[in-house]
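In what follows, a structure is listed as C-alpha cells, so that the remarks can point back to it.
The values are calculated or read from the model by the stated rules, or taken from the named source; none is laboratory data. Please read these numbers as outputs of a predicted model, since none were measured by experiment. Note that we place each Cβ from the backbone using ideal geometry, even for glycine, and neighbour counts take in every protein chain shown.
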Amino acid sequence: MTLDALLFQAINGLSSASGLFFIAVGLSLIFGVTRIINLAHGSLYMMGTYIAYSFATKIGGVIGFWGGILATAIIVGCIGALIEILLLRRIYRAPELFQLLATFALVLVFNDMTHWIWGSEDLLGPRAPGLAGSVELLGRRLPSYDLFLALAGPVVLLILHFTLKVTRFGRLIRAATQDREMVGALGVNQAVLFTSVFALGAALAGLGGALQVAREPATLATDLIALGDAFVVVVVGGMGSITGAYLAAVIIAEVKALCIGIGVVNFGGIAVNFSKFTLVAEFLVMAIVLIVRPYGLLGKPQGAVRSVAEPEEPIRAATPMLKLLAAVVLGLLLFLPVLAQSSPYLMILGIDVLIAVIFATSLHFIMGPGGMHSFGHAAYFGLGAYGAALLVKWLAAPMGIALAAAPLVALAGALLFGWFAVRLSGVYLAMLTLAFAQIVWAAVFQWEGFTGGSNGVIGVWPKPPFDQGWAFFLLTLALATIAVLLLRRFLFAPFGYAMRAGRDSPLRAEAIGIDVKRIHWLAFAIAGCICGVAGGLFAFAKGSISPESIHVGRSIDGLVMVLLGGIQTLTGPIVGASVFALLQDTIMRQTEYWRALLGAVILVLVLAFPSGIVGAFSNLWRRLRGPS
Amino acid sequence: MSVLAIRGLSKAFGGVRAVNDVSFAIGPGEFLAMIGPNGAGKSTCFNMINGQLAPDSGEILLGDRNIAGMAPRAIWRLGVGRTFQVAATFASMTVVENVQMALLSYAGDLYRLWRPAAALHRERALELLAQVGMQDAADRPSRELAYGDVKRVELAIALANEPRLLLMDEPTAGMAPRERNDLIKLVKQLVLERGISVLFTEHSMDVVFSFADRIIVLARGRLIADGNAAAIRDNPQVQEVYFGTGKTFSNEASPGAAP
Ligand SMILES: Nc1ncnc2c1ncn2[C@@H]1O[C@H](COP(=O)(O)OP(=O)(O)O)[C@@H](O)[C@H]1O
Ligand SMILES: [Mg+2]
C-alpha cells in the first residue's frame, strides 16, 4: 500500500476518534465524580441516534437536523439526570458489583424501550444539510461531514477542558474526581453535583449518538457496541481523565485504521488479512494498557477497593437437612426422564438448567470466595464450546474426546488470562476480564475460516445413545453433580480457605506466607476449566455454537445467576442458576420484551434483595429461630 | 550473634524521610521496645523488616542473610512473625480457623484440594488459642470478637510458624490500660518460654519501662537513643523529644493512631 493511502486512512481515523471520544468522555466524567460505572452509557448514545433521527425526519431541514442534534443532547441529558435521581442515588454505597448490575438492567430496559418506540428496523437519517458533499484529499474523496467530525472532537475537548479549569462547577468536578471526601468537606451539595455531572455525561453521549445520525443507521445493537468502545477508550485513557479519553480514542481509531490500511499481507505464503483484526486489535490495546498501566494512560490510582457490604458467615459443612435436600433433588432429577416421556421439552429445559448450574457455580467460585468479580466468564464457556465443536468439525472427534477437551481448552485460556487478571482488583479486574472475553468473542467472530465466523459451527450432534434427550440429560446431570461437588470440596479444603484468606485481607494473608496472587490465579484456572465443561455440553446440547452465545450477555447472565441465588452462600449459585434458566426458558420466551423483564428482575434484586434468594431465606430462618 | 541486625536503613515517601539511616540489632531472646512520637517512622521500619515495603537503602540481616526487599511471605517463612497496628482477622472464618490458616500455610498445605481443612491442625490451633486465653471462643465467627480479643488471636496466629523473631507494631493500641499490661505480660511469658526475640512499639511508658530489656528511640526517622530504661530516661535528647514538645511520657499514648 502507498504512503498516501496510509495517510488518508490516518485522517479518516481522526473522525472515528472523535466518535469514540464522544461515546467515552461522558462515561469517564461520570466515573471520575461518582465512581459509578454506568453500563447504560451505550444505551444513552444509542437513544441519541434514534432521537436525532426523529428530529431530522419529522421536522427536517437545517433546523430539524442541527437543531435536533442540540435538542437531543438536552433530552438525553435529562434522561441521565432522571437515572441518577431515581436509581443511582439509592446505590452509591452498595458494592460495586450491584451498581454495575443495576446499570446493566437499564441497558436491557432501554433497549426494549427503544425497540418499542422505533421498531426493530435500522433507521438511516438524512445527510447533513450543508455538509452533504465531500472534499478531495490526497487524491481520494473524504466526506465533508467526516472532516467536520474530526474537528468536532478536539473542539469539544477544548471547551470541556476550559470549563473544568475556569468555572466553579468545573473546579468542583475536578476536586471530586481527585478526592471524594473533600467535596463533602467543601460544603457542596453533593446530590446536586452528582446529578449535574450525570446529566452532563449523558448529554455528551446523546450528542455523540446524534452526530452519528448522518453517518450510520440507528440500530438496536448499538448500545453494547458503543458501550464496549466506551470502555476500551476510558480504560485506556484513564478513568476520569477527559484528555486521556481523547488520547485513547485517537490511538484506538488509528490502530484500527492501520489494520484496515494494511489489509492483506503475505507472511511466507500465508495470507493474513489485517482488516479482519479490527475488533481484536481494540481489545488487545486495552488488555495491554491494563497490564502495563493498570490505571490507564493518564489515570491515577483509585484508592482501595470497597469490599462487600455485609460480612460473611464462616462456611459450615452441610447439615443433615441440606444433605437430605440434595439427595431428594438429585432423586427427582433422576426421575425426570420418566416424566419427560409425555413432554420432551422437559429434557431440553433440564439440560439448560444444569448447564447454567455448572456455569454459575464455577463463576461463584471465583466471585464469592475469591472476591474476583469476573465480567468475562463467557470466555471460558466459549473456549469450552468452541474447543469441543471445532474438534468435531475439523478432526471428526468422537463426543467423549470433544467433551474431555472442552475443559482443557478453557483451562488453557483461564491460565493465560487469569495470570494477568489477578494482578488487578475491583473494577479494573472486572474490565480486564471483560476485555479478554471480548477478545475471545472477536477472534471467533472474525476468524471465519477456522471458526465459521458469525455462522458458528453447526452439526455438533451427540452420538447414540446420547442423541436421545434422556441420555444426554443424564450425562449432563452426572457432570453437573460432579462439578458442583468438586468445587464445593475445594472450598472446604485448605485451598479454598487460602482463597478466602486472600480475599478477606490480602495483606494479612501475605504476612502468613500465602501467595495470594498464585492462589487466586489457580482458582481462576479451576473455575475456567469447570466452566469449559458447561461450554462443551452446551455445544452438543444445541448441536451448534455461534459467537452470539458467548457474547458479553452470557457473562452478565452468570453474574445475575450468582447474585440471584446470593453471592455469600455456597448453594446460592445453584438456586440462582436454576431460577434464572427456568425464567429465561419459560417466561422470557413468551414475550418479545424479555429484556425489559429481565432488567426489571435485576433491579428488584439489587434494590430489594441484595443478598439473593438463598441469602434472604437464611436471614429469615435465623430471625425466626431467634437469637441463639 | 544477633538475631536481627539493621544497618543504615532508609525510606522516603516523596520528600518525607520516614526512616533515615537507622541501625540497631536484636539479640537472641531479647525484648526490645521501639518508641517515638507519632510519625517517627516506627511502622515504616516494621513494614520494611517484614517485607511489606522495600527500603531505599540499607541492610536487614536476619542471621547473616540480607532480607531487604524480599516478599513478606518469604520473610515469614524464614521465621519472622508480625502483628499489625490495626488488628484484624480473616473475617469470614471462625477464630480457630484463623489460627489454622497460619498453621496450614506453615505446614505447606495450602495447595491441597481434597481433605477438609476444618480437621487439619485443629489440635495445635486450639493449643495456641489456649495459650493466649482464647480457647473458649474457638468456634465463634472471628468478626464478632472484641478488639482486645482480636489482638490475642493475632498473637496466636503470629506464633503459629514458631518464629525466631516477632514484630509487634503497637500490640496494645486501642486497649484499656489494664488489658495492655496483661497482654504484654502474656507476650513476655510466651516468648521467654520459646526464646523468641521481640521488637515491639508501645506508647505506654509504664509498659515499656517495666517489660522491655532494652529500648531504642526514633524521632523524625532517626535513631536518637539505644539503651536500658535508666539510660533512656536520663537521655537529654529523648527528654527533649518527649518533654520539649510539652508532651509527657505517659500521655503520649494515642490509641487508634493511623497505621
Ligand atoms: N505509605 C506512605 N506514603 C506516604 N507517606 C507515608 C506512608 N507511610 C508513612 N508515611 C509517612 O512516614 C512518616 C512515618 O510514618 P510511620 O512509620 O507510620 O510512623 P509511626 O508508626 O512512628 O507513627 C510519617 O510522616 C508518615 O506520614
Ligand atoms: Mg505506627
Output yes when any residue across the stretch A:6-25 is under 20 Å from the mean Cα position of the chain (by Cα), among the β-branched types (Val, Ile, Thr) and either farther than 30 Å from A:Ala176 by Cα or buried (at least 22 other Cβ atoms within 10 Å of the Cβ) (or both), and no when none is. yes
Filtering the stretch B:127-141 for residues that are crowded, with 20+ Cβ neighbours inside 10 Å and acidic (Asp, Glu) leaves a count of 0
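Does B:Phe24 count as out of contact with any Ser or Thr (no Cβ under 6 Å at 6 or more places or on another chain), more than 30 Å from B:Leu104 (Cα to Cα) and among the aromatic types (Phe, Trp, Tyr)?
On the way: out of contact with any Ser or Thr (no Cβ under 6 Å at 6 or more places or on another chain): yes; more than 30 Å from B:Leu104 (Cα to Cα): yes; among the aromatic types (Phe, Trp, Tyr): yes.
Yes; evaluated as a whole, the condition is true for this residue.
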Among residues of the stretch A:532-558, those that are in contact with a Pro (Cβ under 8 Å, 6 or more places away or on another chain) and either outside the structural domain of A:Gly400 (by TED's automatic domain parsing) or of a type outside the set (Gly, Ala, Ser) (or both), counted: 2
Which ones in the stretch A:514-556 are closer than 25 Å to B:Gly79 by Cα and either surrounded by 24 or more Cβ atoms within 10 Å (Cβ to Cβ) or among the polar types (S, T, N, Q) (or both)? A:Ile514, A:Ile519, A:His520
Anything in the stretch B:4-53 that is out of contact with any Gly (no Cβ under 6 Å at 6 or more places or on another chain), buried (at least 22 other Cβ atoms within 10 Å of the Cβ) and not in a strand (DSSP E or B)? List them, or say none. B:Gly36, B:Ala40, B:Ser43, B:Thr44, B:Cys45, B:Phe46, B:Asn47, B:Met48, B:Ile49, B:Asn50, B:Gly51
Matching residues in the stretch B:42-69 - criterion: being within 13 Å of ligand 1 (Cβ to nearest atom) and of a type in the set (D, E, K, R): B:Lys42, B:Asp56
Just checking, which of A:Leu164, A:Leu204, A:Leu158, A:Leu172 is closer than 25 Å to A:Asn38 by Cα, at pLDDT 85 or above and surrounded by 20 or more Cβ atoms within 10 Å (Cβ to Cβ)? A:Leu204
Out of (1) part of a strand (DSSP E or B); (2) in contact with a Lys or Arg (Cβ under 9 Å, 6 or more places away or on another chain); (3) not charged (D, E, K, R), the odd one out for A:Leu142 is which? (2)
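Looking only at the stretch B:142-173, count every residue that is of a type in the set (Asp, Glu) and either more than 16 Å from ligand 1 (Cβ to nearest atom) or not assigned by TED's automatic domain parsing to the domain that holds B:Thr83 (or both) and tell me the total.
Within the stretch B:142-173, the first condition is being of a type in the set (Asp, Glu), and the residues that meet it are B:144, B:149, B:154, B:162, B:169-170.
Now narrow it down to the ones that are either more than 16 Å from ligand 1 (Cβ to nearest atom) or not assigned by TED's automatic domain parsing to the domain that holds B:Thr83 (or both): B:144, B:149, B:154, B:162.
Number satisfying all stated conditions: 4.
Search the stretch B:85-106 for residues being touching a residue at least 60 places away in the same chain (Cβ under 8 Å) and surrounded by fewer than 23 Cβ atoms within 10 Å (Cβ to Cβ), and hand back the single one that is nearest to ligand 1 (Cβ to nearest atom).
Just the residues of the stretch B:85-106 that are touching a residue at least 60 places away in the same chain (Cβ under 8 Å), to begin with: B:85-89, B:99.
So of that shortlist, the ones also surrounded by fewer than 23 Cβ atoms within 10 Å (Cβ to Cβ) come out as B:85-86, B:88.
Details: B:Gln85: 7, B:Val86: 11, B:Ala88: 17 Å.
The selected residue is B:Gln85.
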So A:Val338 fits all but one of (1) at pLDDT below 90; (2) within 23 Å of A:Ala421 (Cβ to Cβ); (3) not in a loop (DSSP other than H, G, I, E, B); what number is the exception? (2)
Would the stretch B:107-118 turn up any residue that is within 12 Å of chain A (Cβ to nearest Cβ), surrounded by 15 or more Cβ atoms within 10 Å (Cβ to Cβ), in contact (Cβ under 8 Å) with a residue 12 or more places away in the chain and within 22 Å of B:Phe84 (Cβ to Cβ)? no
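Quick grid of which residues meet (1) part of a helix (DSSP H, G or I); (2) free of Cβ contacts under 8 Å to residues at least 60 places away in the same chain; (3) within 8 Å of chain B (Cβ to nearest Cβ):
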{"position": "A:Val484", "(1), (2), (3)": "yes, no, no"}
{"position": "A:Phe490", "(1), (2), (3)": "yes, no, yes"}
{"position": "A:Phe495", "(1), (2), (3)": "yes, yes, yes"}
{"position": "A:Ala501", "(1), (2), (3)": "yes, yes, yes"}
{"position": "A:Glu510", "(1), (2), (3)": "yes, yes, yes"}
{"position": "A:Ala523", "(1), (2), (3)": "yes, no, no"}
{"position": "A:Cys529", "(1), (2), (3)": "yes, no, no"}
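Consider the stretch A:368-390. How many of its residues are part of a helix (DSSP H, G or I) and buried (at least 24 other Cβ atoms within 10 Å of the Cβ)? Break it down stepwise before answering.
Kept after step one, since they are part of a helix (DSSP H, G or I), are these residues of the stretch A:368-390: A:378-390.
Now drop any that are not buried (at least 24 other Cβ atoms within 10 Å of the Cβ), which leaves A:378-389.
Final tally of qualifying residues: 12.
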When the stretch B:142-166 is examined, which residues are found to be buried (at least 20 other Cβ atoms within 10 Å of the Cβ) and closer than 14 Å to B:Val95 by Cβ? B:Ser142, B:Asp149, B:Val150, B:Lys151, B:Arg152, B:Val153, B:Glu154, B:Leu155, B:Ala156, B:Ile157, B:Ala160
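This table checks each residue for (1) modelled with pLDDT of 90 or more; (2) touching a Phe, Trp or Tyr at 6+ places or on another chain (Cβ under 6 Å); (3) within 23 Å of A:Pro573 (Cα to Cα); (4) buried (at least 24 other Cβ atoms within 10 Å of the Cβ).
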{"position": "A:Ala443", "(1), (2), (3), (4)": "no, no, no, no"}
{"position": "A:Pro465", "(1), (2), (3), (4)": "no, no, no, no"}
{"position": "A:Phe472", "(1), (2), (3), (4)": "yes, yes, yes, no"}
{"position": "A:Ala480", "(1), (2), (3), (4)": "yes, no, yes, yes"}
{"position": "A:Leu487", "(1), (2), (3), (4)": "yes, yes, yes, no"}
Identity of the residue in the stretch B:24-40, within 15 Å of ligand 1 (Cβ to nearest atom) and closer than 13 Å to B:Glu202 by Cα, that ends up farthest from the other protein chains (Cβ to nearest Cβ): B:Pro37
Just checking, which of B:Arg82, B:Arg7, B:Arg77 is within 16 Å of ligand 1 (Cβ to nearest atom), of a type in the set (Lys, Arg) and touching a residue at least 40 places away in the same chain (Cβ under 8 Å)? B:Arg82
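Filter the stretch B:119-148 down to residues that are in a helix (DSSP H, G or I) and touching a residue at least 40 places away in the same chain (Cβ under 8 Å) and give me whichever is nearest to the other protein chains (Cβ to nearest Cβ).
Of everything passing the filter in the stretch B:119-148, B:Arg143 is nearest to the other protein chains (Cβ to nearest Cβ).
Quick check on the stretch B:54-87: of everything there that is on the phi > 0 side of the Ramachandran plot and in a loop (DSSP other than H, G, I, E, B), which residue is nearest to ligand 2 (Cβ to nearest atom)? Reasoning before the result, please.
The initial filter retains those residues of the stretch B:54-87 that are on the phi > 0 side of the Ramachandran plot, namely B:58, B:63, B:69, B:79.
This time we only want the ones that are in a loop (DSSP other than H, G, I, E, B), so: B:63, B:69, B:79.
Working: B:Gly63: 26, B:Gly69: 21, B:Gly79: 23 Å.
For the stretch B:54-87, the residue satisfying everything is B:Gly69.
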